[in-house]
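Note sheet for the following structure.
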Amino acid sequence: MKIVECVPNVSEGRDRSVLDRIAEAAGGVDGAELLDVDPGAATNRTVFTIVGSPDAVAEAAFRLAETSLRLIDMRGHQGSHARMGAVDVVPFVPVGGGATMEDCISLAERVGRRLSEELDLPVYLYEHAARRPDRRSLADVRKGEYEALPDKLSDPHWAPDFGEARFNARAGATAVGARPFLVAYNVCLNTSDKRLAHEIALDIREQGRLARGRDGKILHDSDGNKKRRPGRHEAVRAVGWYIPEFGRAQVSINLTDFNVTPPHVVFETIRDEARRRGLRVTGSEIVGLVPLEAILQAGRFYLEQQGLSSGIPEPDIVSAARASLGLDDVKPFDPERTIIEYRLAPRAQDLRGLSLVEFSDELSRSSPAPGGGSVAALVGSLGAALASMVCGLTYRGAGSKPGTDRSKDAETETLGNRAQQLKDLLLRAVDEDTAAFDGIRAARRLPRKTDDQMAARERAIQDAVERAIIVPLTVVEAAAALAELARDVAAVGLEAAASDAGVAAWCARTAAEGAALNVRINLPELTDPAARRSLLERMNAGLVTARAAADATMSTVDATLEAPSA
């Protein structure tokens, strides 16, 4: 299913009762989920985050706008954030499931037209939805803000894309657009001087600042246009402001493409610029949601700076980013609520969420699931975890003293990261194997009173059987990859951890052998002979690889231990 995000910003950040009513309207659409409501008192602005199917998100965005226009009056609005309307911006963002920018452009046009026709609202299209180049930038569309709208709307050049060019004093105007994922990110300084924060913003943002001569006057090019001195980073918009609730100034940043300039890069640049001015960074905050990859990039960067391997569990990388960026210094940072992937798919669930004792107790009961398939996947995940541990010990051991050999660091870093990927894949298979078995039981319980019902039941059974084969087959192949990785780890890892590399290899082989049994027991139920042959060939290839790599690992381990195996 296509998944899109909409991040409406409304010009109210202080009246909780108003925000609750707006949230209730936005959250009442099937197929769309209101993930976050992030109000700001100083900005007098609230960012709502809605995620779901395109049609559902479009409906939720309209209902949010409809309710906001009833409750917010721009005629008395004051706040530190630029704004031109009660519903200031309504951007649509492709998130996953094959959603594209074209999908979001279509949504922007559909919702923009509806806002103008049903709510009598002047609407401008911006970013990728813009119909004219001079309206692509939100800053250009919003120039002059709410107060400039009467004159702006009387200028034919600024006729809205939807709606009449008539000033709506209560509602203002709205910008509806389509854009890539934008990270709203603020960095705090140990000053209350907004001017100093804005000076830093001018130096870091892509637009930079106006170029001036020695006399302080603005320079112009040969055509009379004002010259600009570009800032230090692309895909960065920034301003400086003062936030009374924090008692300090902030550099407020929009990262329009975090893959071009990620949060940690701009954070470090601000630290440099602050130090030049006798200032200090005192923390930072994510506004709304952030992609997991942006946080992982930061965590890996700071781990590398500290001489530590990033081949560690994902929560530990997130924790490194959290501490290094000071994400708890301004307000509490909750990864489960702030990282978009965690909001859409909670990580700990079913069997993976049990303690070791609880899992063992559940396994020991007479119910057929969880069973051998889940155990095989779990054993494999433990082997991957061991392999990662050896990589981490080797990485830190080589770099623990100045002047020591760091030649193995790059290889162990790569191996450690790959081990973590295999560990996570195999952990997911613990639940997936049990779910696949439950799927077969559910298919067999389907009604079979009519020919159509019998045909539907048989199709469902075959689909479920195929799933019950594919899951353990994936474990076989992942275990084969793990056995090869254990072989490589044994060759480069610390000699003191050779036994751990050996255990990792045996875990990999055990996982492969056990998962293969689950493939074999379900294969006869698959009625397609060609599919059976293909799946069996894949299983056998995985077993051959796992057995050979495990044997090779043990040869290295035995030589290291200088003792024959029992």
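Since every read-out is calculated from the coordinates, none of them should be taken as a lab result. Given the structure is predicted, the values throughout are model-derived calculations rather than measurements. Please note: Cβ atoms are built from the backbone with ideal geometry, for glycine as well, and neighbour counts cover all protein chains shown.
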Checklist entry - For the stretch 3-178, what ratio Rg/Rh do Cα atoms give with a Kirkwood hydrodynamic radius? => result 0.94
Checklist entry - So between SER407 and SER367, what do we pick up on full extension, going 0.36 nm a residue minus the alpha carbon distance? => result 9.3 nm
Checklist entry - So what is the 222 nm mean residue ellipticity for the chain from helices alone, if each DSSP H run of at least 4 adds -39500 (n - 2.57) and you divide by all residues, rounding to the nearest 500 deg cm²/dmol? => result -17000 deg cm²/dmol
Checklist outcome for this item: For LYS227, counting only lysines whose alpha-carbon sits under 18 Å away and dropping same-chain residues fewer than eight positions off, the answer is LYS217
Next on the checklist: For the pair ARG533/THR414, report the inter-label distance in nm, with labels modelled 7 Å from Cα in the Cβ direction.
Outcome noted: 3.8
Next on the checklist: For ASP120, project a label point 7 Å along Cα to C-beta. Then give me every residue of the stretch 144-164 with its amide nitrogen under 13 Å of that point.
Outcome noted: 164
Item to check | Separation of alpha-carbon centers, the stretch 259-274 and the stretch 177-237, rounded to whole Å | outcome: 14
Checklist entry - What percent antiparallel are the DSSP beta bridges of the chain, to the nearest 5? => result 80
Checklist outcome for this item: Per-residue Cβ contact counts at 10 Å, fewest first, order THR527, THR256 as THR527, THR256
Checklist outcome for this item: If each K or R counts +1 and each D or E counts -1, the residues other than ARG214 whose Cβ falls under 15 Å of its Cβ total +3
Checklist outcome for this item: Total charge of the residues flanking ASP134 in space, meaning their Cβ is under 15 Å from its Cβ, with Lys and Arg +1 and Asp and Glu -1, is +3
Checklist entry - What is the order of GLU245, GLU164, fewest Cβ neighbours within 10 Å to most? => result GLU245, GLU164
Item to check | Length-normalised contact order of the chain in % [C-alpha pairs under 8 Å, at least 6 apart] | outcome: 9
Checklist entry - What does the highest-first list of 45-54, 335-344 look like by mean Cβ count within 10 Å? => result 45-54, 335-344
Next on the checklist: Could you list MET554, MET84 so that the one with the fewest beta carbons within 10 Å of its beta carbon is first and the one with the most is last?
Outcome noted: MET554, MET84
Checklist entry - Extension gain SER137-SER319, at 0.36 nm per residue separation less the Cα-Cα distance, in nm? => result 62.0 nm
Checklist entry - Based only on Cα atoms, what Rg/Rh ratio does the stretch 183-344 have, Rh being taken as Kirkwood's radius? => result 1.03
Next on the checklist: How much of the DSSP bridge set in the stretch 3-178 is antiparallel, in percent, rounded to the nearest 5?
Outcome noted: 70
Checklist entry - Zone of GLU199 (label point 7 Å along Cα→Cβ, backbone N under 13 Å): which residues in the stretch 258-284? => result 273-280
Checklist outcome for this item: Between the modelled labels at LEU446 and GLU164 (7 Å from Cα along Cα→Cβ) the distance in nm is 5.7
Next on the checklist: Considering just Cα atoms, how many Å³ per residue does the convex hull of the stretch 350-561 enclose?
Outcome noted: 127
Checklist outcome for this item: Reduced to Cα centres, the span from the stretch 13-83 to the stretch 414-428 in Å works out to 40
Checklist entry - Rg and Dmax of the stretch 272-330 over Cα atoms: what are they, in angstrom? => result 12.7, 38
